[in-house]
1. Each label point is 7 Å from the Cα along the Cα-to-Cβ direction; what then is the distance between the points at Glu288 and Ala415, in nm?
2. For region 351-421, what is the convex hull volume of the alpha-carbon atoms per residue, in Å³?
3. Can you put Cys149, Cys348, Cys429 in order, fewest other beta carbons within 10 Å first?
4. Please report Rg (one decimal) and Dmax (integer) in Å for the Cα set of region 244-351.
5. Give me the one-decimal nm value for the distance between modelled label points at Ser24 and Ile10, 7 Å along each residue's Cα-to-Cβ direction.
6. Considering the options Gly268, Ser325, Leu255, tell which one lies farthest towards the positive end of the dipole of region 229-332, charges being +1 on Lys and Arg and -1 on Asp and Glu at the Cβ, about the Cα centre.
7. Quickly estimate the mean residue ellipticity at 222 nm for the chain, helices only: each DSSP H run with n ≥ 4 gives -39500 (n - 2.57), and the total goes over all residues, rounded to 500.
8. Once amide H atoms are built 1.01 Å from N in the peptide plane, which residues 5 or more positions from Leu258, or in another chain, come under 5 Å H to H?
Amino acid sequence: MLIGASMLIIVAVVLVATGLPAWSVLLGVAILFGIGGAASGAIAIPLLTAAPARLVGLLESDILQALPLYALMGALLNRLPLAQALFRTGSRALARTGAGPELAGLGLGVLLAPMNGSVGASVSMLARSVHPRLTASGVEDARGAALVCVASTLGVVVPPSLVLILLGDAMLRAHTEALNVTGASMRIINTQDIFTGALVPALLVLVSSVALTWWRARTAGRTLVIAPEAPTRTDVIVASVTALFIVGLLTAVTLGYLYAVEGAAFGGVVLVAYGIASRTLTAQVLREVLADTLEITGALFALLAAATMFTLVLRSFGTDRALASALVGLPGGATAAVAVVMAVLGSCALVLDAFELIFVVVPIVMPPLLALAGNVTWVAVLSLLILQASFLAPPFGYAVLIARNKLPHPPPLRALTRTLAPYLIAQLCVLGLVAAWPSLVWQRNPLTLPVPTHTSPETEEAQRRMLEEQLNRTLPPSENENRQDP
């Protein structure tokens, strides 16, 4: 357990201190500890040589085909003049609210963030395409930066985002491992379950963000720097068709009428056809689109490969078994285990992006938690809300750090914190509601009954003993001799 914890701490420290890509840090730490473990006899060498076969098996997953297609859609939306048309049309359509530019920027984040690949990519896109227009509309720097941060994190919870697709795949694997340990008989969670489960919480987050944006815009003054550019008739038509197309496509994938891979492929073909027909997809733009797509896709697959090697070495030291034993021994049962794991995810989100968390942390902490918690979809949605809130938490929230790095004139941290505070409080309130009422997580085909608020001592003791027996079967004899019944 101590060796595994030290691996995670070293990764976090190196990432913060050096700014190196996460995949290189994960792979370097995994190789060093793997060599050290094999030399000391703590890790069997055949276990390490099985890493290539494990990685090839992982890459055969059909869901991973959606990664380059989603990246292509995001790159096309960013490089074609669609974001500008959407912003101009939205600002004019919402002008009577008194918060036209702010609400248009937030809406652009809702439409584009699910396909931008990550929180960092969404922040970069919105900082380039939306923030200058907000500034020109008279929005002060702190409010503009806050809107960029909030809009970029909406892609974490709005289905069917790339984050949700990858989390669904990770939860499927974790749930499978948990059922292998407990021997319980139930349907394994899939991506569609997480899509539908996140609908109501995502709607609550979206409504609260829109209400706060409108209220802040109405109460704050504004001094125009440049007169806003009026949308042309072509802008209105293009923006309306684009918005309807994106909303319809995301809805079809969320409700299961299209697979994520099919939806992303269809969207990419339509956007390419629009670019050719409108003559906006020039050779230069095409090169930029392909470069962006390859960059995002390569980074994701490099991260996936490095995280697979890292978790293999981490588990070789028995970290997952020690974590499972620790969760089983908590006095509060399943409720306490959920709280501890959510706290771990929230802490890690201050350093890692969503994909790094999904590839590295979720495979370690989720299998033992799902062996105790009954409502798997509820746990997945709680994880999403924890991640989104952590990304917005100043001063180390991932979205906050990226925004302050990408904006040409970043606002003072105190002003940005004061502006972000209402949004963060609203998201924590949604998190509290979902934690208190699991029924807010809609399940068309429930996997099991919701986690009970109060577990009887007899049921809790039976759960502990069952998981302890399964753990004892997987631990080496030397470790079993040192364990005691709870």
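1. 2.9 nm
2. Per residue, the Cα convex hull of region 351-421 comes to 91 Å³.
3. Ascending Cβ contact count within 10 Å gives the list Cys429, Cys348, Cys149.
4. Gyration radius and largest Cα-Cα distance of region 244-351: 21.8, 65 Å.
5. It is 1.8 nm.
6. Looking along the dipole axis, the top candidate is Ser325.
7. Working: 24 runs with 353 residues, N = 486.
Result for the chain, helices only: -23500 deg cm²/dmol.
8. Excluding prolines and chain starts, which carry no amide H, the hits are Val253.
Rule-based calculations on the coordinates, nothing more; no lab input. Predicted, not measured: the structure shown is a model, and the values here were computed from it. Virtual Cβ from ideal backbone geometry, glycine too; neighbours counted across all protein chains shown.
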